[in-house]
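Okay, structure first, notes after.
Readers should treat all values here as calculations from the given coordinates under stated rules, not as data from a laboratory. Quick caveat, the model's predicted, so the values are computed rather than measured. Reconstructed Cβ throughout: ideal geometry from the backbone, glycine too, with neighbour counts over all protein chains shown.
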Amino acid sequence: MALSFTSCGKKTTPTSGSAIQINGSDTMLQVGIAWADAYKAVNPDVTITVNGEGSGTGIAALINGTIEISQSSRALKPEEIESIKASHGGVAPVEHIVGYDGIAVFVHKDNPVKSLSIPQLKEIFGEGGSIDNWNQVGGPDLKMEIVGRNNASGTYVFFRNIVCGKGVEFKNAVSPMSGSTAVVEFCTTTPAAIGYSGMGYVNANVGLVGVSKEDGGTAYEPNAESVGSGTFPIARPLYIFTVGEPTGATKDYLDWIKGPSGQKVVEAEKFVALPK
Amino acid sequence: MATKKTSLRGLGAKFLDGAEPLIRALIYASGWSSIVFVAAIFFFIFREAWPILPRVNWGEFFFTNDWVPVPAEGNKASYGAMSMMYGTISVTIVSMVIAVPLGLGAAVYISEFATGKVKESFKVLIELLAAIPSIVWGFIGLVVLNPIIQDVFGVAVGVNLLNGSIVVAFMAVPMIVSISEDALRAVPDTYREAALALGASKWQIVYKVLFPAAKNGLLAACMLGVGRAVGETMAVLMATGNGMVIPENFANPAILLDKVRTLTATIVSELPDSVHGGDHYRMLFVIGIVLLVFSVVINVTSDIIVKGVKGDQKNA
């Protein structure tokens with residue numbers, strides 16, 4: 001779960017900020033590694049270490065001051081903002097949006113169901129929902145096997161907010177998997193599966209359903225166009241947090257991420273770039 | 001040459017004499033370190049859970065099944081861990097049902113029946129089995145056992161209680177084998193010879209003489225296996241399917257094919273995403289306390305059983 005990647009530059013006299021430590025979201029681990037790798041060519045003097053132990057862990061590391069940048073798939077919570085201020089002499093965290101992510105709804109490749117509406121997804125995932133068999137949404141007579149991310153992940157919270165709405169939890173039948181890859185793997189091997197995860201994890205062996213806002217509305221698959229234009233209903237920002245406005249090497253790195261080269265990496269990692 | 005050697009040896013001996021207090025201190029320190037480590041683990045886990053302990057709704061924690069640490073807007077967080085306790089207990093029981101006969105059988109074979117090269121190669125292979133990392137076992141559950149269980153039982157999902165228990169059983173077997181084998185080997189040969197002289201068959205020797213004589217060691221082996229099953233994390237996370245549902249009918253063998261989620265799997269998957277120092281984070285440490293209590297109870301019980309067995313033997 002916690003892959004680590006180190007991009008080692010030439011050894012130079014260490015000045016403040018010539019090494020950047022990054023930790024945070026599991027969803028953003030791949031793009032974080034790709035940024036660090038590409039940045040090596042731009043500025044080989046900066047050593048960047050990327051970990052993806054979870055949004056909460058990244059923010060905790062920011063609070064403890066062990067990292068410069070925390071990647072997150074969810075916004076900061078008020079108590080986290082307070083903790084950062086408390087441990088950094090009143091300096092508040094700064095939120096940078098560095099791209100967008102659509103949350104894809106995965107099924108088995110052979111599943112004939114090609115689209116679902118948000119109200120249908122609510123009946124499938126939400127507590128008290130009435131859909132638990134594929135034949136209720138035009139598929140075969142097969143009991144659904146519903147999976148998701150762990151009960152505290154940013155993806156879990158975001159998907160629930162959009163799909164189930166205010167005050168509705170997931171059903172207990174939604175099994176939390178160990179990570180995004182595990183969700184996709186489960187949907188690849190299980191004919192009755194339905195699950196959700198970041199669109200960066202889409203591959204050719206898994207099925208994808210289009211999602212429409214309303215019953216009978218136009219369904220969109222998550223891609224650069226549908227997420228960028230806001231027509232795909234389950235999209236969210238990807239965040240980077242720093243303590244105060246970044247300076248030195250961290251500032252250069254963040255500017256590069258938000259610039260054309262960094263945004264190209266975002267697209268290559270199957271996320272959606274910032275509007276130009 | 002000879003004189004030089006002697007003088008060198010003398011020098012070494014002198015150095016060792018001088019260093020004896022130091023070496024003694026080192027040995028004492030390593031002995032005490034294990035106690036210090038255990039105390040430190042208790043201290044750390046309790047310190048992290050402490051602030052929430054007075055506020056934990058224990059009825060909800062033990063007897064309800066809604067684990068919603070990050071609730072939807074307008075709802076209150078709930079921490080019902082009953083399904084996870086069911087998960088841990090069921091994986092432990094089922095895996096021991098598989099591992100204990102397998103482990104004891106293998107130990108008896110290696111210690112009493114196998115000879116020469118076969119015996120040596122079995123011992124090496126079983127040590128090798130113990131060295132396989134748990135994540136690899138989890139992968140075997142996910143990739144190898146999953147489709148087999150799907151085909152054999154005709155179920156949609158092959159990661160479930162049965163899969164996780166088989167994986168954990170295989171992880172516990174090497175430990176059970178090597179400790180049981182030691183226990184059986186420790187039984188003096190005079191016992192075997194006496195039984196043979198009385199006309200006992202090999203099987204009769206094993207089960208009428210060796211098992212009673214090696215009771216303590218065999219029990220200790222099984223208890224360590226139980227401890228392994230309770231604490232196993234990565235493999236069960238991958239192989240049990242993580243369903244948070246409690247079966248309605250425990251007598252129905254189909255519950256073996258239900259997805260279960262263990263206490264350990266919950267900690268390892270949620271801790272990274274939790275708000276550090278928040279209620280959810282602390283509740284995960286409360287789960288840690290429950291696991292600690294589990295293992296203390298297992299250890300104390302096995303101690304009492306082993307002592308009881310000892311007493312019996314003395315009286316007999």
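Structure summary
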{"item": "Nitroxide proxy distance, nm - points 7 Å out along Cα→Cβ at B:S30 and B:A114", "result": "2.9"}
{"item": "Rounded to 5, the percent of DSSP beta bridges in the protein assembly as shown classed as antiparallel", "result": "65"}
{"item": "Residues of segment A:217-256 with amide N under 17 Å of the 7 Å Cα→Cβ point at A:S18", "result": "A:248-253"}
{"item": "Normalised convex hull volume, chain A, alpha-carbon set, Å³ per residue", "result": "121"}
{"item": "Cβ neighbours within 10 Å from other chains - mean over B:67-76", "result": "6"}
{"item": "Order of A:M177, B:M85 under a 10 Å beta carbon neighbour criterion, fewest first", "result": "B:M85, A:M177"}
{"item": "Neighbour-count ranking [beta-carbon atoms within 10 angstrom, fewest first] of B:F42, B:F294", "result": "B:F42, B:F294"}
{"item": "Kirkwood Rh (inverse of mean 1/r, distinct Cα pairs), the protein assembly as shown, angstrom", "result": "27.3"}
{"item": "Euclidean distance between Cα centres, segment B:129-145 to segment A:223-245, Å", "result": "37"}
{"item": "DSSP-assigned coil residues among GluC sites (Glu not before Pro) in segment A:63-158, each with at most 14 further Cβ atoms within 10 Å", "result": "none"}
{"item": "For residues of B:260-271, the mean tally of beta carbons on other chains within 10 Å", "result": "3"}
{"item": "Quarter of Cα convex hull surface for segment A:16-97, i.e. mean projection, nm²", "result": "5.4"}
{"item": "Added length on full extension, which subtracts the Cα-Cα distance from 0.36 nm per residue, A:K40 to A:K213", "result": "58.1 nm"}
{"item": "Cα centroid separation - segment B:146-192 against segment A:122-187, whole Å", "result": "34"}
{"item": "Rg and Dmax [Cα atoms of segment B:78-315; Å; Rg one decimal, Dmax integer]", "result": "20.3, 69"}
{"item": "P(r) tail fraction, segment A:80-195 - alpha-carbon pairs more than 16 Å apart, %", "result": "65"}
{"item": "10 Å Cβ neighbours from other chains, averaged over peptide A:140-148", "result": "2"}
{"item": "Shape metrics for segment A:181-276, restricted to C-alpha atoms - Rg then Dmax, Å", "result": "16.6, 52"}
{"item": "Cα-only Debye scattering, segment B:174-307: base-10 log of I(q)/I(0) at q = 0.10, 0.15, 0.22 Å⁻¹", "result": "-0.54, -0.89, -1.23"}
{"item": "Helix B:82-108 axis, angle to chain B major axis (alpha carbon atoms, nearest 10°)", "result": "30"}
{"item": "Paramagnetic reach from A:A75 (point 7 Å along Cα→Cβ, amide N under 11 Å) across segment A:215-252", "result": "A:237"}
{"item": "Among A:A235, A:A192, A:G207 the positive-end extreme of the charge dipole of segment A:149-239 (Cβ point charges)", "result": "A:A235"}
{"item": "Fully extended contour minus Cα-Cα distance, from B:N299 to B:E73, at 0.36 nm per residue", "result": "77.0 nm"}
{"item": "Model label zone, B:T190; criterion: amide N under 19 Å from point 7 Å along Cα-to-beta-carbon; scope segment B:213-233", "result": "B:213-215"}
{"item": "Approximate shape of segment B:95-190 as ellipsoid semi-axes (Cα gyration tensor, √5λ), whole Å, largest first", "result": "31, 13, 11"}
{"item": "Proxy reagent accessibility, fewest Cβ within 10 Å first, across A:D252, A:D110", "result": "A:D110, A:D252"}
{"item": "Bridge type composition, segment A:101-229 - antiparallel percent by DSSP, nearest 5", "result": "60"}
